[in-house]
Amino acid sequence: AAPLDVAAIRAQFPILNQQVRGKPLVYLDNAASGQKPEAVITAITDCYRGYYSNIHRGVHALSERSTTAFEEARERVRSFLNAASAREIVFLRGTTEAINLVAHSFLRPRLAAGDEILVTEMEHHSNIVPWQLVAAEKGARVVAAPITDVGELDLDAFERLLGPRTRLVAVAHVSNVLGTVNPVARIVALARARGIPVLVDGAQGAPHLGVDVQALGCDFYAFSAHKVYGPSGVGALWGKAEHLAAMPPYQGGGGMIRRVSFAGTTFADPPERFEAGTPDIAGVIGFGAALEWTRGIGLDAIAAHEEALTAYAMARLAEIPGLRLIGTAADKAGVVSFVLGHVHPHDIGTVLDREGVAVRVGHHCAQPLMDRYGVPATARASFAVYNTHAEIDALVAALWKVKEWFD
Ligand code: PMP
């Protein structure tokens with residue numbers, strides 16, 4: 001891919017052009033949430049200013065326009081994931097709600113006492129807790145495949161843990177703490193050989209990698225708009241048509257029914273069956289605009305840019321005495337975690353903030369992974385299409401200040 005014109009890209013993100021604490025903003029908290037380009041902001045305001053209305057059932061002109069734009073967004077998600085059909089795309093609040101939907105509607109009816117759900121030690125809480133909730137109800141349990149010290153999934157151990165009681169594999173495409181890119185196609189091949197379905201938590205995969213759900217071979221793929229330059233509060237679940245068709249509703253309400261009577265109710269086909277109530281209409285439209293914008297820049301170019309930033313950051317951070325990188329997998333996307341001597345990550349975050357550098361500090365909703373590395377928390381810098389090498393230099397300079405302050 002041709003190198004990106006990062007200055008031209010930055011100019012499309014109004015929020016980046018500001019000072020915080022009297023310093024130019026250096027936004028390196030993209031794994032938590034990304035910023036939004038003008039194209040996305042405009043798509044949302046155009047909807048509210050020009051044609052907003054509730055969707056579906058309306059016969060009037062605005063409702064038709066809103067419905068068309070909403071369904072166009074569904075087609076954009078389909079195309080972004082290379083799914084076979086837009087009917088396989090369910091709009092939800094985000095990755096978390098998507099995983100909860102699969103836990104309740106897909107897994108719960110198939111789960112019996114003694115069954116297992118296989119995850120990995122690097123999962124986000126939203127790819128652990130929903131499984132624990134249904135497991136507790138059914139007397140099943142969540143099993144975690146170990147990772148190596150560099151932060152790669154131990155595939156041999158993973159394969160050994162795929163047992164006769166494994167009912168589902170749930171794995172992150174990319175770790176939000178380590179940046180590790182998991183070998184999803186291989187994981188799927190191992191699981192499918194045993195007839196075990198696989199859910200991929202794509203919250204960090206979708207922003208950094210081109211996703212092709214048919215090539216990955218998984219059964220479900222969940223991601224959030226807000227990490228792919230779209231609005232917060234919306235996301236999508238892709239599920240294979242045959243799974244969605246067999247799944248009972250998750251929530252009841254308007255929009256998900258075929259016919260309601262007090263004698264009994266029948267339900268709409270997917271995806272509407274899983275979209276009870278009025279959705280975030282403008283948000284979904286903004287989501288579609290974000291995917292279109294991302295595609296316009298090019299996922300390959302974005303991935304190459306972020307890979308270069310990640311490699312540069314790893315090299316520069318390694319120059320700082322006492323800094324320990326957490327997560328040094330060979331295949332890494334856009335996320336760098338570290339601890340610095342005895343300095344608490346919250347203190348790192350506070351000093352960096354005074355220098356205008358926004359990073360995330362804490363357990364990153366991955367407490368089992370913190371336990372695995374024997375740390376209570378890390379500092380995490382995460383990159384997006386608009387970040388620059390100069391911003392990494394600013395991060396490194398600020399970290400030297402942290403050292404001065406605390407040594
Ligand atoms: N999984 C991973 C790997 C994540 O990074 C996140 C967001 N931090 C989530 C799941 C949850 O996404 P959301 O909060 O948008 O539902």
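The values are calculated or read from the model by the stated rules, or taken from the named source; none is laboratory data. These figures come from a predicted structure and were not determined experimentally. Cβ coordinates were reconstructed from backbone atoms using ideal geometry, including for glycine residues, and neighbour counts include every protein chain displayed. The accessibility values were calculated without ligands, DNA or RNA, using every heavy atom of the protein model including side chains. Shrake-Rupley method; radii C 1.70, N 1.55, O 1.52, S 1.80 Å.
Here Val396, Val385, Val361, Val335 are screened, and the one residue that is free of Cβ contacts under 8 Å to residues at least 24 places away in the same chain, crowded, with 16+ Cβ neighbours inside 10 Å and either among the hydrophobic types (A, V, I, L, M, F, W, C) or closer than 27 Å to Gly230 by Cα (or both) is Val361.
Among the residues of segment 224-231, is any part of a helix (DSSP H, G or I), within 15 Å of the ligand (Cβ to nearest atom) and within 14 Å of Ser126 (Cβ to Cβ)? For segment 224-231, residues part of a helix (DSSP H, G or I), within 15 Å of the ligand (Cβ to nearest atom) and within 14 Å of Ser126 (Cβ to Cβ): present.
If you filter segment 86-125 down to residues that are crowded, with 23+ Cβ neighbours inside 10 Å and of a type in the set (S, T, N, Q), you find that the one that is farthest from Gln367 (Cα to Cα) is Thr95. Within segment 201-223, being in contact with a helix residue (DSSP H, G or I) (Cβ under 6 Å, 6 or more places away or on another chain), over 17 Å from Gln35 (Cα atoms) and either among the basic types (Lys, Arg) or near the ligand (Cβ under 10 Å from one of its atoms) (or both) holds for Asp201, Ala222. Screening Gly255 on (1) more than 16 Å from the ligand (Cβ to nearest atom); (2) open to solvent by less than 50 Å² (accessible area, probe 1.4 Å); (3) in contact with a strand residue (DSSP E or B) (Cβ under 7 Å, 6 or more places away or on another chain) shows it passes everything except condition (3). Whenever a residue of segment 341-356 is farther than 16 Å from Val396 by Cβ and of a type outside the set (S, T, N, Q), its partners that are at pLDDT below 95 and in a helix (DSSP H, G or I), lying with C-beta atoms within less than 7 angstrom and at least six residues away or across chains, give the pairs Asp347/Phe406. Listed conditions (1) of a type in the set (Val, Ile, Thr); (2) within 16 Å of the ligand (Cβ to nearest atom); (3) out of contact with any Ser or Thr (no Cβ under 7 Å at 6 or more places or on another chain); (4) in contact (Cβ under 8 Å) with a residue 24 or more places away in the chain are all met by Thr166, apart from (2). Against the conditions (1) loosely packed, with under 15 Cβ neighbours inside 10 Å; (2) free of Cβ contacts under 8 Å to residues at least 60 places away in the same chain; (3) of a type in the set (A, V, I, L, M), Val142 satisfies every one except (1). Residues in segment 342-367 that are closer than 14 Å to Ile326 by Cβ, assigned to a strand (DSSP E or B) and β-branched (Val, Ile, Thr): Val361 only. Just one of the numbered conditions (1) in contact with a Ser or Thr (Cβ under 9 Å, 6 or more places away or on another chain); (2) open to solvent by 20 Å² or more (accessible area, probe 1.4 Å) is not true of Ser63: (2). Within segment 303-325, one or more residues are small (Gly, Ala, Ser) and in contact with a Gly (Cβ under 6 Å, 6 or more places away or on another chain). Those residues that are open to solvent by 20 Å² or more (accessible area, probe 1.4 Å) and farther than 30 Å from Gln12 by Cβ, I need them from segment 364-374; list them, please. Passing the criteria: Gln367, Pro368, Asp371, Arg372, Tyr373, Gly374. Filtered by the rule that a residue be open to solvent by 50 Å² or more (accessible area, probe 1.4 Å) and either at pLDDT 95 or above or in a helix (DSSP H, G or I) (or both), segment 40-59 gives Ile41, Thr42, Thr45, Asp46, Tyr48, Arg49, Tyr52, Asn54. For the residues Ala268, Ala276, Ala290, the requirement of being surrounded by fewer than 21 Cβ atoms within 10 Å (Cβ to Cβ), at pLDDT 95 or above and in contact with a Lys or Arg (Cβ under 8 Å, 6 or more places away or on another chain) singles out Ala268.
Tell me which residues, restricted to segment 368-405, are within 19 Å of Pro207 (Cβ to Cβ) and assigned to a helix (DSSP H, G or I). Residues satisfying the conditions are Glu391, Ile392. Going by the conditions given, is Ala191 in contact (Cβ under 8 Å) with a residue 12 or more places away in the chain, open to solvent by 10 Å² or more (accessible area, probe 1.4 Å), among the small types (Gly, Ala, Ser) and in a helix (DSSP H, G or I)? No; evaluated as a whole, the condition is false for this residue. Scoring Ala83 on the criteria (1) outside any loop (DSSP other than H, G, I, E, B); (2) over 25 Å from Asp156 (Cα atoms); (3) open to solvent by less than 20 Å² (accessible area, probe 1.4 Å) leaves a single failure, condition (1). The number of residues in segment 100-158 that are among the aromatic types (Phe, Trp, Tyr) and either more than 16 Å from the ligand (Cβ to nearest atom) or part of a loop (DSSP other than H, G, I, E, B) (or both) comes to 2. Counting only residues that are under 23 Å from Leu299 (Cβ atoms) and open to solvent by less than 20 Å² (accessible area, probe 1.4 Å), which one in segment 70-79 is farthest from the ligand (Cβ to nearest atom)? So, considering only residues that are under 23 Å from Leu299 (Cβ atoms) and open to solvent by less than 20 Å² (accessible area, probe 1.4 Å), the one farthest from the ligand (Cβ to nearest atom) is Arg74.
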